[in-house]
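Here's the structure we're looking at; comments come further down.
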Amino acid sequence: MEKETGLQYLETVLRYLFNTMDDISTEEIREVAEQALSGKEGEYIMTLAERLRNEGRIEGEIKGEIRGEIRGLNDAIELGMTLKFPDQVDPVMAEVRKINDLDTLIKIKDAIKTAKDVSEILLLVTLK
């Protein structure tokens with residue numbers, strides 16, 4: 001097996017491990033790499049393992065931030081609906097909570113300010 005192909009294979013294995021095993025630590029990977037590979041290749045694998053772990057952490061943080069923004073927009077929309085169209089809050093919010101697109105939620109939130117009746121809001125909700 002060529003060196004580059006072997007390292008690509010190991011990268012694939014590491015990606016698989018990090019995506020399927022939440023409880024595997026970088027230290028455990030380091031120990032296996034040190035036992036199985038030469039120093040240089042082991043260092044490469046550890047750098048790769050740490051990078052993959054870091055990518056997963058960053059991806060998780062981004063997803064958490066987006067979920068937080070969605071919750072905040074849902075709360076803002078609900079408050080706006082309660083103040084402007086108090087009799088229509090529940091049916092509108094039942095549909096709004098199904099939306100995960102930030103741009104759509106922002107448009108709905110902004111539309112509440114100028115809407116003359118709830119049909120203008122429902123139009124945006126159904127366009128999602």
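Structural remarks
- Test: residue in the stretch 35-46 that is on the phi < 0 side of the Ramachandran plot and at pLDDT 65 or above: no
- Sub-9 Å Cβ pairs linking a first residue in the stretch 67-84 that is over 13 Å from Ile112 (Cβ atoms) to a second residue that is buried (at least 16 other Cβ atoms within 10 Å of the Cβ), at least 6 apart or interchain, are Glu69/Leu105; Ile70/Ile99; Ile70/Leu105, ordered by first then second residue.
The values are calculated or read from the model by the stated rules, or taken from the named source; none is laboratory data. Remember, predicted model here, so these are calculated numbers, not experimental data. With ideal geometry, Cβ positions are generated from the backbone for all residues, glycine too; neighbour counts draw on all protein chains shown.
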